[in-house]
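**Student:** This is the structure I have questions about; it appears just below.
The values are calculated or read from the model by the stated rules, or taken from the named source; none is laboratory data. As the structure is a prediction and not an experimental result, all values here were calculated from the model. As a convention, Cβ positions derive from the backbone with ideal geometry for all residues, glycine included, and neighbour counts pool all protein chains shown.
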Amino acid sequence: MRIGELSKKTGVASRMLRYYEEQGLISPTRLDNGYRDYQDYLIDRVGKIRGLVDSGIPSRIIVDILPCLDQEQDIVVRNVEPGLRDLLAQERDRMSQKIDFLTQNRDAITKYIAALDEAATEAPLASAS
DNA sequence: ATTCTTACA
DNA sequence: TGTAAGTA
């Protein structure tokens, strides 16, 4: 399928699909007319990529994690790149740190929402005062 | 009508 | 990311 169809199926803007390609996250083939040709499995892959990207994970890390996502559980460990283990461990710690940060913000927002609801209950028409 | 690349906001 | 230009 071409970029427009993949965009509709994944909800990812075609602009970003081309960007993902630049980042080495996906490698669509080309049609004779130069149009990008995406395989069906990329629909699922793009969904996972979006999840990672939306979590704020740098694309350079996503590239290393992607092969783990494309398989069910049988992770192939042939690519024993030198510092990859440490790189991923370091990234995992950053994720934990980010999760803690987001958890705090979520709780703070939850309290704020509660305060807003309470205020609305006490003074229903005070929004324009 | 769609997509492509390049480039600017 | 969105959009514009000029193509294929």
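**Student:** If you check A:Arg50, A:Arg45, A:Arg94, A:Arg85, which single one turns out to be at pLDDT below 85 and basic (Lys, Arg)?
**Tutor:** When all the criteria are applied, what remains is A:Arg85.
**Student:** Anything in segment A:1-45 that is of a type in the set (Lys, Arg) and either loosely packed, with under 15 Cβ neighbours inside 10 Å or within 8 Å of DNA strand B (Cβ to nearest atom) (or both)? List them, or say none.
**Tutor:** Within segment A:1-45, A:Arg2, A:Lys8, A:Arg15, A:Arg18, A:Arg30, A:Arg36 qualify.
**Student:** Shifting gears a bit: Which numbered condition in (1) on the phi > 0 side of the Ramachandran plot; (2) within 10 Å of DNA strand C (Cβ to nearest atom) is the only one that A:Arg15 fails?
**Tutor:** (1)
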